[in-house]
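What follows is one structure encoded as structure tokens, with my remarks underneath.
The values are calculated or read from the model by the stated rules, or taken from the named source; none is laboratory data. What you are looking at is a predicted structure, and each value in this text was computed from that prediction instead of being measured. Quick reminder, even Gly has a Cβ in these numbers, built from the backbone with ideal geometry, and neighbours come from all protein chains shown. These area figures cover heavy atoms from the full protein model, side chains too; ligands, DNA and RNA do not enter into them. Shrake-Rupley method; radii C 1.70, N 1.55, O 1.52, S 1.80 Å.
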Amino acid sequence: MNQVRDTDPDGGRGAPRLRRGPAEMAALKREMLERARKIYREEGVEALSMRRLAQELGISTMAIYSYFESKKALLDGLWIEIFEALTDELLDASKGQRGARKVLEAHVRCFLDFWERHPEQFRMIYMSLTQSGSLDEIGQAQQPVYYRLIGLVRERLAACAPEGVEPDEQRIRLLCDLLSVRQMGYLMMVIGLPRYPLLDRELLRELTVQGALRDVTDQYAAGATLSVAPSGRATG
């Protein structure tokens, strides 16, 4: 095989490496993401740099740049990988479920379960600041996977509408927000505040799931116009 020598951005010479085939390139990219995730998780985003990652892997910095054009692209890669895995699990959760409400219930349970199984990834995405400091900017950089996930949530909420009812954009947006409040509120407590003395975590989780389902029922029963009653409950 031909050997090529990578050159670091600062002019330093890297070690020679063999020219890689597609499978080897894919494997190296996965290894880059795994090692980057480890650095991020253990030392924070400030410790993650292209040079540091190259040193960890024993390759040149230029080799990292051939896969990720910038640190932000590398961070986007981490987020995309996680959201793709989440979306795939949410799709699997719907298999074998009968009825829109059962599909939504399985969706919520799967969402909570995914992040409880991956607490470090949850903290990385929702509880750490990226260099841009903006979740919106990260979302725009990874539009395909981001909108795939959002589209799945919207689809499942819309499917819960009563027969003959076509939910409008305002209704779907509100339902998405309510679902996020329920899910993220629970996850922030159990993952973000692990030392908080919860009375009964399993009960809290079940109430979160049932509350999310009840929100959907209540909002579709509220009618076409959204408003908030004096009690604080949204009504038509």
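Just round it to a whole percent: the fraction of Cα-Cα distances in the stretch 47-86 exceeding 17 Å.
Of all Cα-Cα pairs in the stretch 47-86, 32 percent lie more than 17 Å apart.
What net charge is computed for the residues neighbouring Gly99, neighbours being all others with C-beta under 13 Å from the C-beta of Gly99, Lys and Arg scored +1, Asp and Glu -1? The partial results should precede the final answer.
Numbers: positive: Arg98, Arg101, Lys102, Arg156; negative: Glu105, Glu163.
Its environment carries a net charge of +2.
Please give the net charge around Met184, taking every other residue with its beta carbon less than 14 angstrom from that of Met184, where Lys and Arg add +1 and Asp and Glu add -1. If you can, show how the numbers build up before the last one.
Working: positive: Arg123, Arg182, Arg205; negative: Glu116, Asp177, Asp215.
Residues near Met184 contribute 0 overall.
The stretch 77-222: percent of C-alpha pairs farther apart than 25 Å?
Percent of Cα pairs beyond 25 Å in the stretch 77-222: 30.
What number comes out for accessible area per residue over the stretch 77-222 if the probe is 1.4 Å? Units Å², please.
About 55 Å² of surface per residue is accessible.
Counting other Cβ atoms within 10 Å of each Cβ, which GluC sites (Glu not before Pro) in the stretch 35-89 have at most 14 and sit in a DSSP loop?
Glu69
Sorted by accessible area with a 1.4 angstrom probe, largest first, how do Tyr40, Tyr146, Tyr220 fall?
Putting Tyr40, Tyr146, Tyr220 in descending order of accessible area: Tyr146, Tyr220, Tyr40.
When all protein chains stay in place, what accessible area (Å², nearest 10, 1.4 Å probe) is found for Ser49?
40 Å²
I need the trypsin sites (Lys or Arg not before Pro) found in the stretch 25-99, filtered to DSSP loop residues with at most 16 other beta carbons within 10 Å of theirs. Spell out each step's value before the answer.
On the way: sites: Lys29, Arg30, Arg35, Arg37, Lys38, Arg41, Arg51, Arg52, Lys71, Lys72, Lys95, Arg98; in loops: Lys95, Arg98.
Qualifying residues, ordered by number: Lys95, Arg98.
Excluding ligands and nucleic acids, what accessible area in Å² is computed for Val181 using a 1.4 Å probe, to the nearest 10?
Only protein atoms counted, so the area is about 100 Å².
Summing +1 for each Lys or Arg and -1 for each Asp or Glu, what net charge is found among the other residues whose Cβ lies under 14 Å from the Cβ of Gly44? All intermediate terms of the calculation are to be shown ahead of the outcome.
On the way: positive: Arg37, Lys38, Arg41, Arg52, Lys71, Arg123; negative: Glu42, Glu43, Glu46, Glu120.
Net charge around Gly44: +2.
So what is the accessible area of the stretch 22-68 per residue, in Å², with the probe set to 1.4 Å?
It amounts to 53 Å² per residue over the stretch 22-68.
Taking the stretch 148-230, which trypsin sites (Lys or Arg not before Pro) meet the DSSP loop condition and have no more than 11 other C-beta atoms within 10 Å? Before the final figure, lay out each step's value.
Details: sites: Arg148, Arg154, Arg156, Arg171, Arg173, Arg182, Arg195, Arg201, Arg205, Arg214; in loops: Arg195.
For trypsin sites (Lys or Arg not before Pro) across the stretch 148-230 that sit outside H, G, I, E and B with at most 11 neighbouring Cβ atoms in 10 Å, the list reads Arg195.
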